[in-house]
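What follows is a single structure, written as structure tokens, with notes after it.
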Amino acid sequence: MAGTGIGARVMRKEDFRFITGKGNYTDDINRPGQAHAYFLRSPHAHAKIRKIDTAKAAAMPGVVAIFTGADIEADKVGGLICGWMIHSKDGTPMKAGAHPALAVGKVRYVGDHVAVVIAETLAEARDAAEAILVDYEPLKPVVDLASATKKGSPVIHDAAPDNQVYDWHLGDEAAVKAAFKKAKHVTKIDLVNNRLIPNAMEPRAAIGDYNSGEEAFTLYTTSQNPHVARLVLSAFIGIAPEHKLRVIAPDVGGGFGSKIFIYAEETICVWAAKKVGRPVKWVADRTEEFLAIAHGRDHLTHAEMAIDENGRILGLHVKTRANLGAYLSTFASSVPTYLYVPLLSGQYNIPAIYGEVEAVYTNTAPVDAYRGAGRPEATFVIERLMEVAARELGMDPAAFRKKNFIKSFPHQTPVIMCYDTGDYNASLAKAMEIHDVKGFARRKRESAKAGKLRGLGYSAYIEACGIAPSAAVGSLGAGVGLWESAEVRVNPVGTVEVLTGSHSHGQGHETTFAQLVAGRLGIPIENVAIVHGDTDKVQMGMGTYGSRSGAVGMSAIVKALDKVEAKAKKVASFVLEAAEADIDFKDGKFSVKGTDKSIDFASVALQAYVAHKFTGEQLEPGLKEGAFYDPTNFTFPSGVHIAEVEIDPDTGVTTIAKWTAVDDFGVIINPMIVEGQVHGGIAQGIGQALLEGAVYDANGQLLTASYMDYAMPRADDLPSFRVDHTTTPCLSNPLGIKGCGEAGAIAAPAAVMNAITDALGHENIAMPATPQAVWQAAQAGLARAAE
Amino acid sequence: MYAFDFHRPATLRQANNLVGKVEDAKILAGGQTLLPTMKQRLASPAAVIDLSGVPELVGIEQKGRNLVIGAMTSHAEVASSALVRAALPGLAALAAGIGDPHVRHKGTIGGSIANNDPAADYPAGLLALGATIVTNRRKIPAGDFFTGMFSTALDEGEIITKVIVPTGAKFAYAKFRNPASRYAMVGVAVGKKGSSVVVAVTGAGSDGVFRWADAEAALGKRFNAKSLDGIKNPAAKELNSDIHASAEYRSHLIGVMARRAVTAATAK
Ligand SMILES: Cc1cc2nc3c(=O)[nH]c(=O)nc-3n(C[C@H](O)[C@H](O)[C@H](O)COP(=O)(O)OP(=O)(O)OC[C@H]3O[C@@H](n4cnc5c(N)ncnc54)[C@H](O)[C@@H]3O)c2cc1C
């Protein structure tokens, strides 16, 4: 499509700034008189702090102040919070241990915050931190997820004596039991969803600034949701009332969920700024990010599927143990519960589902939402089960899926979700055709001739995006509403500023949001500016995560635009001296029906502000409207990804030979940006399947604390993706958008693992499928075949 | 990083003087290993002597039957050198497979061998090629130079100035990359000159680069990958085990990479 409206491949407006090094990231900002913070972190996974002696350190050159947990307590700084209440099966609330921003009495993971040194330079702060004497009494750590709640395990939080945070469930247990009784076949699987460490290009950073004249704070921070940060820092942590706390999240270099949360470091920076009377800056180095950013995934799951004699699914029982790390991070509790089990129905008609999730503490970094958050875990369970079940039944995996697809909408699953629309057959058929699944047998023979093993794997995923109807999530325990806000300010010359509560940190909102506005108002896209990331400029908003900015954030803009158009029509009716009902608005022009009288948008804007054509009794001057949009349902992006791998049995190296993605994202605003999101998501999913995995040793030391040992996907690990779409517009929002930000990361792991197990003829290999793991499995498979 | 004094000599003589005089000094070449360790405060020299201002340490020359490579020559220069590509394409390929473009443009051959990382590529290559390491004081055959993991025959204040690499060998290097760091998880270099064959293994040995004698004997008889059939891979107990690869897997990979190196060396 030509032009710049919805559907056009508009080049990203923000890229000139980024590519020419003119971005403005938190670390680019320096405040007059600024001092530097360095955090002394725990070298132990679990230890009592007997004593902290800062005397020698405090006397070192350049030191401004040193603070420990005692100072936090003395100032009554509130602890970090987890904003989603989960109740266990027995009705008891989750057991949230205290989470002070600086450790009080005890450290609970390697990287935990013990003290902060504030000094003239970072080097001086580091030097002084080395001189702090901490007398630790090491305790036995709890590292292994499987045995974390065993009797006699060391206790991490007194509030949770058996290290269990909650034991939660969803679904109809009795119905599932009955389904398994009727089953002709039961497929069982044990899965590990490996622990991942988010690696946004920009590490976290914060600057706290205090203006004593106004008694007001400013926090510059790498946040995906600055308003939520302000709310939490204000209402829960108690730094300052909201009107005395401004949070600015300027350009942010990627988040993937890890920058949703309110961490110790920014809390300390903003609190300490007042204590020391100077701005305090902290920038994480990469090692600190590995150690202390919220990690993702980390599930152990046993799942069973009941199937009847015709190959139809009767029921699903999933039991998961989720690692939440040493403390509950901001949204940690919701990820393995409401963002996970409600997605276990996948694209399938499953009459009965029962999910049980036990969340536990371990002496590892906190675990929270990471690209996809719960939904990749759910897709991995259901799509691995589908594949294994098909093989056990001797059915073609595509045919088995087809047989069980949901075919009529709306579809109410047994686990909360009501899918509004979709066409799963269509995406499967299109993906199979593009991928040339028919030619797979030939390609497999060719690989075999070269001594290679070839396999093909599907992943028919679903996700729930557009997070989320506020009343619904409120009833499930969320501490906030998940609507979005927008304000459209038309300037007197007809240019437009849109203030949005969404936050762009790689998604391209400055482009896609402007496309919507330019198309709707019929003005050049250059005349639209998107403003976000500053609580002093933008009205309260909820931020960007869960693929919500299109479906929720843009819907709020649509609502505000509706109001702008209505008001502008009123202005035009005065200018054109016609009845308001006779005014049409099209292609940037207001015209009087049945006449050639018209006026363009910019002139109406000017008239709205000069207010010469109407009186104050008739109409308010100005052209500026705001709106809050609360979604009425989740959105349900879905699609089929097909992975084809080639394995070198001599070395175990897996090469992604071919990749096809056919996604249904509803209406697409900018196909180029959507493809970029899909590419990045698939890369992350392939990373999880083949490369990435956090490893702690038995003492709780993180062995993968740098790129020397944590394998990130690189360009040459990836093939050229074939990305295409089918479209069923979403029914619950005005634009028909479903969301695309997480799809790739959700779909990819299962597709890769299904392809690898197809190639190996071996049903269980854990992620990441490293060369060593694949080689071992290949050897075992070859040995079996030789028997 | 801690504070340190910085020296940048303009000639080898000045560099020689400085290493003799300045206490607790470290030589800085490409900085690809030294600077990260200093930043992490794992190394804290009182002074750094930067060789990047010494022009005579850079460059590649053909001298008779040898290639002479200056210590400060970057991996990228070795990889793209017409001389190296013509005389020893396997060595150019080895250099081209080190790290990423940034690392290849900063990292140097001198820095790499002085560091003798147990997973580095050059040590295996230079062993298999029978290279000679030239310092400001003496000449050291590669076989005597690499003395164990992160350790070399270099004395205090000794500067590598160049590396002499004999040409005319059949040579290839096969590398299995560590998926995270992309250093060698196992790298096997094979060099055959006349009837003498050297098989040098990096990335796998628990004490750094080593020669695989059984393979050398077998390939000495007939230089063909098939000659390795029936030869036992180096024993796992002598090899590294870490989160990326067990000793058993490394042992297996040595066999695979050795065959691939031999096949590549005989391809042309
Ligand atoms: C991300 C990354 C990936 C890498 N991947 C690989 C890889 O795949 N394979 C591989 O082999 N290497 C790899 N390296 C290492 C790199 O290629 C360099 O070879 C290595 O860092 C040392 O070379 P340098 O010139 O940077 O030396 P420096 O870091 O400057 O110095 C290293 C050591 O050698 C000493 N030294 C330097 N020059 C001399 C000299 N002339 N005489 C005496 N002593 C000297 C220094 O004092 C120091 O102790 C990688 C490095 C990085 C950062």
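Residue check: residue B:226 meets all listed conditions (1) away from chain A (no Cβ under 14 Å); (2) not in a helix (DSSP H, G or I) but one, namely (2). In the stretch A:114-201, counting only strands (runs of 3 or more DSSP E) that sit wholly within it, the ones holding 1 or more residues that are polar (S, T, N, Q) span A:164-171, A:185-196. The single residue among A:31, A:50 that is over 23 Å from residue A:239 (Cβ atoms) and surrounded by fewer than 17 Cβ atoms within 10 Å (Cβ to Cβ) turns out to be A:50.
Please verify whether residue A:615 is among the β-branched types (Val, Ile, Thr) and within 16 Å of the ligand (Cβ to nearest atom), treating the condition exactly as stated. No, not satisfied. Taken over the stretch B:57-76, the criterion of being within 12 Å of the ligand (Cβ to nearest atom) and either modelled with pLDDT under 95 or not hydroxyl-bearing (Ser, Thr, Tyr) (or both) is satisfied by B:57, B:58, B:69, B:70, B:71, B:72, B:75, B:76. Screening B:38, B:72, B:1 for residues that are in contact with a Leu (Cβ under 9 Å, 6 or more places away or on another chain), within 14 Å of chain A (Cβ to nearest Cβ) and of a type in the set (A, V, I, L, M) leaves exactly one candidate, B:1. When each of A:615, A:651, A:660 is tested for being surrounded by fewer than 17 Cβ atoms within 10 Å (Cβ to Cβ), modelled with pLDDT of 95 or more and hydroxyl-bearing (Ser, Thr, Tyr), the lone residue that passes is A:615. Inside the stretch A:751-780, can you point out the residues that are more than 24 Å from residue A:373 (Cα to Cα), surrounded by fewer than 19 Cβ atoms within 10 Å (Cβ to Cβ) and away from chain B (no Cβ under 14 Å)? Matches in the stretch A:751-780: A:761, A:762, A:763.
The strands (runs of 3 or more DSSP E) found wholly in the stretch A:230-348 and carrying at least 2 residues that are polar (S, T, N, Q) occupy A:313-323.
Residues in the stretch B:149-168 that are within 13 Å of the chain's Cα centre (by Cα) and surrounded by fewer than 16 Cβ atoms within 10 Å (Cβ to Cβ): B:149, B:150, B:151. Selection of first residues in the stretch B:240-268 that are more than 8 Å from every other protein chain (Cβ to nearest Cβ) and of second residues that are among the hydroxyl-bearing types (Ser, Thr, Tyr) and surrounded by fewer than 20 Cβ atoms within 10 Å (Cβ to Cβ), restricted to Cβ pairs under 8 Å at least 6 apart or on distinct chains, gives the following pairs, ordered by first then second residue: B:240/B:206; B:247/B:241; B:250/B:241; B:262/B:227. Just one of the listed residues (A:498, A:517, A:488) is outside any strand (DSSP E or B), at pLDDT 95 or above and crowded, with 21+ Cβ neighbours inside 10 Å, and it is A:517.
The one condition from (1) more than 30 Å from residue A:224 (Cα to Cα); (2) more than 14 Å from chain B (Cβ to nearest Cβ); (3) surrounded by 24 or more Cβ atoms within 10 Å (Cβ to Cβ) that residue A:748 does not meet is (1).
Checking A:186, A:176, A:155 one by one, the residue that is crowded, with 20+ Cβ neighbours inside 10 Å and not assigned by TED's automatic domain parsing to the domain that holds residue A:108 is A:176 and no other. Here the helices (runs of 4 or more DSSP H) wholly within the stretch A:395-472 that include at least 2 residues being closer than 20 Å to residue A:721 by Cα and not hydrophobic (A, V, I, L, M, F, W, C) are A:424-435, A:440-449. Screening residue A:121 on (1) more than 14 Å from chain B (Cβ to nearest Cβ); (2) farther than 24 Å from residue A:368 by Cβ; (3) among the polar types (S, T, N, Q) shows it passes everything except condition (1). Considering only residues that are in a helix (DSSP H, G or I) and either more than 6 Å from the ligand (Cβ to nearest atom) or in the same structural domain as residue B:104 (by TED's automatic domain parsing) (or both), look in the stretch B:18-35 and name the one that is nearest to residue B:181 (Cα to Cα). Step by step, filter the stretch B:18-35, then rank; the result is B:35.
Scan the stretch A:114-127 for residues that are buried (at least 20 other Cβ atoms within 10 Å of the Cβ) and more than 16 Å from residue A:275 (Cβ to Cβ) and jot them down. Hits for the stretch A:114-127 are A:114, A:124, A:127.
The values are calculated or read from the model by the stated rules, or taken from the named source; none is laboratory data. Note that this is a predicted model, so its numbers are computed, not measured. Here Cβ is always computed from backbone atoms with ideal geometry, including for glycine, and neighbour counts include all displayed protein chains.
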